[in-house]
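A short worksheet on the structure shown next.
The values are calculated or read from the model by the stated rules, or taken from the named source; none is laboratory data. If you're wondering where the values come from, they're calculated on a predicted model, not measured in any experiment. All Cβ positions, even for glycine, are placed from backbone atoms using ideal geometry, and neighbour counts span all protein chains on display. For the accessible areas, the whole protein counts, side chains as well, though only heavy atoms, and no ligand, DNA or RNA atoms are used. Shrake-Rupley method; radii C 1.70, N 1.55, O 1.52, S 1.80 Å.
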Amino acid sequence: MRVLTHTVDCFSLEAEPVATQALAHVLNSSGDIRGAFVDGLMPGNGFRPGPIQAELGNEGGQPDLTIRDNQGELRAFVENKFWAGLTENQPVNYLDPLPEGGTLLFIVPKLRVHVVWNEIVQRCRAAGHEPQEDGHTRCADVLGKTMMITSWKHVLTVLMNAAQDGNHRDVQCDILQLQDLARRQDSEAFLPVRPDELTDQEMARRLVNYSDLIELITNQLVTHNNANTQGLRPAHSWHTAGRFLRVFRAEHVDEPDHQYGVWLGVNLDLWRTFGITPLWLRLDLNYREFANVNGDAGEIQARCIGQGFQVQDVNGALYFPVRIEHGVERDHVIGEAVRQITEIPNILDDPGHPE
């Protein structure tokens, strides 16, 4: 274990602000390193970067790194993340101050690139901006500015190559330190517990809130004739808490052939793996008699994705994320979850379903 990783673990420091300061130190060590960072990660910008400013603290209101050219003109923001979620300001409020042609770059673990990118694009659309995505890379034009995402592994490989080409031995040692920290954050199965986590009752209350939503959402689905729970019970496991139910369109309340058996609940494994939300609806094709759907997983998933559902296929079961609205009261959260779930039978109830 290298000293930077050891220091983070030993003093229970938050890894993201430490990594931000370390990355800024590496970039400010040499103009060649800064140039390689811009040229390698922000192609087409065509500017020479000046000293890079790192945000002190971790309040989420300012970008982690601010990049100006050698004339002092603002050119780019960089946001560094390991496993923390997007803040309320990201990405839209970070795009606004950038000039036309500016870049907003997110750096995340490789496993999170796809998930975080989808969330970034969705937030832009929710704010009325339609990103024009590059079909080959995680890159999009938004309001004449470039929004991008890449992995820590790629960033540090670019910087290491530049340090080796320029024979910057001290910088190579610093990059190795940062690579070790990023590797640990990317692969650690059990993250060291911080002292504040053990007394953080807000975390415990939030997990209870998520679990309480399951029955509240189910009850509203039943009230609206979009679900029933007859003969079905709650079903929990080590990493899940939820219940079985049948979902359908209201006009099919008395038609079993058009009712689909699902599980609705909190799934900590999926939340950890894909991000997005703690609440998921599972359609298990391994138990077709209960699921009551035709077609293989790929066919159903393609149909769902075509209708805008970000469905995950895990070992023959399809998982629909039930997104939780933020910044609103509980009734609105429940209503929005019900709306999402009631759209699913519309997709499953295709013309090929037996009448």
Query raised in the report: Ignoring any ligand, DNA or RNA, what whole percent of the accessible area of the chain comes from carbon and sulfur when the probe is 1.4 angstrom?
Result: 49
Query raised in the report: Do the sum for the chain: with -39,500 (n - 2.57) for every DSSP H run of n ≥ 4, divided by all residues, what is the mean residue ellipticity at 222 nm, to the nearest 500 deg cm²/dmol?
Result: -13000 deg cm²/dmol
Requested in this report: Just check the range 199-238 against the gyration tensor rule for me: Cα atoms, a ≥ b ≥ c as the square roots of the eigenvalues, rounded for a/c under 1.5, and otherwise prolate or oblate depending on whether a/b exceeds b/c.
Outcome: oblate
Requested in this report: Calculate I(q)/I(0) for the range 167-285 by the Debye formula, one identical point scatterer on each C-alpha and no solvent, and give its log10 at q = 0.21 Å⁻¹ to two decimals.
Outcome: -1.20
**Report entry** Calculated diffusion of the range 9-152, Stokes-Einstein form, Kirkwood radius summed over Cα pairs, 4 °C and 1.567 mPa s, µm²/s
**Finding:** 84
Requested in this report: Find the eigenvalues of the gyration tensor of the Cα atoms of the chain, then list the square roots of 5 times those eigenvalues as equivalent ellipsoid semi-axes, largest first, in whole angstrom.
Outcome: 43, 23, 18
**Report entry** Within-14-Å neighbourhood charge of Leu98 [Cβ basis; K, R +1; D, E -1]
**Finding:** -3
**Report entry** Gaussian network model of the chain, Cα within-10 Å springs - most flexible of Ala182, Ala127, Ala84
**Finding:** Ala127
Query raised in the report: What does the charge count near Met160 come to, summing +1 for each Lys or Arg and -1 for each Asp or Glu among other residues with Cβ under 11 Å from its Cβ?
Result: -1
Query raised in the report: For the range 196-355, taking Cα atoms only, what is the radius of gyration to one decimal and the Dmax to the nearest whole Å?
Result: 15.6, 57
Report task. May I ask you to evaluate 6.51 cos²θ - 1.76 cosθ + 1.60, the Karplus curve with θ = phi - 60°, for each residue of the range 71-80 and list the ³J(HN,Hα) values in order in whole Hz, giving x for glycine and proline? Result -> 9, x, 8, 4, 10, 7, 10, 10, 10, 9
Requested in this report: Could you run the Karplus curve 6.51 cos²θ - 1.76 cosθ + 1.60 with θ = phi - 60° over the range 112-118 and give me ³J(HN,Hα) per residue in whole Hz, x for Gly and Pro?
Outcome: 9, 3, 5, 5, 5, 4, 4
Requested in this report: Considering only Ala54, Ala140, Ala235, give the residue with the highest GNM mean-square fluctuation for the chain, with springs between Cα atoms whenever their separation is below 10 Å.
Outcome: Ala235
Query - Part-to-part distance (alpha-carbon centres) for the range 105-167 and the range 28-49, which is given in Å - result: 16
**Report entry** Residue-normalised accessible area of the chain, expressed per residue, 1.4 Å probe, Å²
**Finding:** 52
Report summary line: Whole-Hz Karplus couplings 3J(HN,Hα) for the range 326-331, θ = phi - 60° and coefficients 6.51, -1.76, 1.60, Gly and Pro as x, run 9, x, 10, 6, 4, 4
Report summary line: Amide H neighbours of Gly101 at under 5 Å, excluding residues fewer than 5 places away on the same chain, with H built from the backbone geometry, are Lys145, Thr146
Query - Descending principal axes extents, the range 139-186, alpha-carbon based, whole Å - result: 41, 27, 10
Report summary line: Helix 31-41 sits off the longest principal axis of the Cα atoms of the chain, rounded to the nearest 10 on a 0 to 90 degree scale, by 30
Query raised in the report: So what is log10(I(q)/I(0)) for the range 292-334 at q = 0.25 1/Å, when the Debye sum runs over its Cα atoms only?
Result: -0.84
Query raised in the report: Over the chain, what relative contact order in percent results from Cα pairs under 8 Å that are six or more residues apart?
Result: 11
Query raised in the report: Within the P(r) computed for the range 82-201, what percentage of the Cα pairs occupies the region above 26 Å?
Result: 37
